[in-house]
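The values are calculated or read from the model by the stated rules, or taken from the named source; none is laboratory data. All figures in this text were calculated on a predicted structure; none of them were measured in a lab. Positions of Cβ are backbone-derived with ideal geometry, glycine not excepted, and every protein chain shown enters the neighbour counts. Ligands, DNA and RNA are excluded from the accessible area calculation, which covers all protein heavy atoms including side chains. Shrake-Rupley method; radii C 1.70, N 1.55, O 1.52, S 1.80 Å.
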Amino acid sequence: MFRLDENVAIVTGGSRGIGRAISTMLSRAGAYVVVADIVPADETLKLITDAGGKGETKCFDVSVEDAAQEAIRELAKRLGRIDILVNNAGIALDQLLLRVSAESLHRTFSVNVDGAIYCTKAAIRSMMRAERGRVINLASVVAELGNPGQTAYSASKAAIIGLTKTWAREYAQRNITVNAVAPGFIDTEMTLRLPEEVKTWILNQTPLGRIGKPDDVAAAVVFLCSEEASYITGQVIRVNGGILG
């Protein structure tokens, strides 16, 4: 169940955290995984190959259109196909509304939103030719719940949900599904930096009573990439411990 043998997958932001978990779990399901990031992702690739999986790394900035599209076009040509694209790359520059700068707003959207658009534009061509594909966008619980101090981040992740629903409608007839996974508060470097009182508040708001693990998110991604999820598109899968009720 949930096998992805002979699939070629690209995971942006795959060098650490949720992206690393997604990359390694896709590999365990049988996919050839391209771990893409703006920084070297050798550690993630080593985890894949040490476990008997196959893949490679690709270094580019998703927010630079020419770089992103050239990198993905090269991969599609050399590997012969792109079956799965996971738009995971993202940044969070937290500021209260009155302190939000144009620079931080533009940078957040250029990575989180523009990056997803550029990568999907490049990958979707290969999927259209094959008349099959999976695009998974990483949204966030704050896209629907909001969070003080995250004006730019929450807005960018809400935009991801809009893109997901639009692309799902645009490419359904080509047998390409587009879905979003919206993590809640996950045990990553980002949450480790949170003050203890904020962590306590999060736990109190989460019915399951714990912070999630990267593998919790990765499992949802693998399912959405599988044939078992072929009738699911345009959806937001919330992996948040029930925080939205």
Please list, ordered by chain and number, the residues whose modelled amide H lies under 5 Å from the amide H of GLY55; skip anything fewer than 5 residues away on the same chain. VAL33
Tell me the relative contact order for the stretch 175-217 as a rounded percent, counting alpha carbon contacts under 8 Å between residues six or more apart. 51 percent
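Which loop chymotrypsin sites (Phe, Trp or Tyr not before Pro) in the stretch 1-77, with loop taken from DSSP, have no more than 16 other Cβ atoms within 10 angstrom of their Cβ?
Sparse-neighbourhood loop chymotrypsin sites (Phe, Trp or Tyr not before Pro): PHE2.
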Hey, what does the equivalent ellipsoid look like for the stretch 136-191, semi-axes from the Cα gyration tensor as sqrt of 5 times each eigenvalue, largest first, whole Å? 25, 12, 7
Put LYS46, LYS54, LYS199 in order of accessible area, largest first, 1.4 Å probe: what do you get? LYS54, LYS46, LYS199
Which order do you get for GLU144, GLU70 if you rank them by accessible area with a 1.4 Å probe, largest at the top? GLU70, GLU144
Residue separation times 0.36 nm, minus the C-alpha to C-alpha distance between ASP215 and GLN95: what's the value? 40.3 nm
Apply 1/(1 + (r/R0)^6) to the Cβ-Cβ distance of LEU145 and VAL64, taking R0 = 22 Å, and write down the FRET efficiency to the nearest 0.05. 0.10
For GLN173 and HIS106, FRET efficiency with R0 = 25 Å and r from the beta-carbon atoms, rounded to 0.05? 0.10
Per DSSP, the loop-located GluC sites (Glu not before Pro) within the stretch 172-203 having at most 15 other beta carbons within 10 Å are none
Between the stretch 180-245 and the stretch 117-150, what is the separation of their alpha carbon centroids in Å? 16 Å
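Plugging the Kirkwood radius over Cα pairs into Stokes-Einstein for the stretch 102-200, at a temperature of 20 °C and a viscosity of 1.002 mPa s, what D comes out in µm²/s?
145 µm²/s
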Among all helices in the chain defined by DSSP H, which have a length of 24 Å or more along the axis from Cα atoms plus a Kyte-Doolittle mean of at least -1.0? 151-171
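Ordering GLU170, GLU6 by how much accessible area each has at a 1.4 Å probe, largest first, what is the list?
Numbers: GLU170 110, GLU6 150 Å².
Greatest to least solvent exposure: GLU6, GLU170.
With an 8 Å cut-off on Cα pairs and a minimum separation of 6 or more residues, tell me the relative contact order of the chain in percent. Provide the component values of the computation, followed by the final result.
Details: 509 pairs, mean separation 48.9, N = 245.
Relative contact order, the chain: 20 percent.
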Starting from the Cα-Cα distance between THR49 and ASP187, subtract it from 0.36 nm times their residue separation and give me the gain in nm to one decimal. 47.3 nm
Per residue, how big is the convex hull around the C-alpha atoms of the chain? Give it to me in cubic angstrom, could you? 120 Å³
Comparing ASN87, ASN147, ASN137, which has the greatest mean-square fluctuation in the GNM of the chain with Cα pairs linked when under 10 Å apart? ASN147
Return a whole-number percent for the relative contact order of the stretch 33-138, with Cα pairs under 8 Å and 6 or more residues apart as the contact set. 30 percent
Accessible surface of VAL198 in the full protein assembly, 1.4 angstrom probe, to the nearest 10 Å²? 50 Å²
For the LEU194, GLU74 Cβ pair and Förster radius 51 Å, calculated FRET efficiency rounded to 0.05 is 0.85
Please report, as a whole percent, how much of the solvent-accessible surface of the chain comes from carbon and sulfur atoms (probe radius 1.4 Å). 52 percent
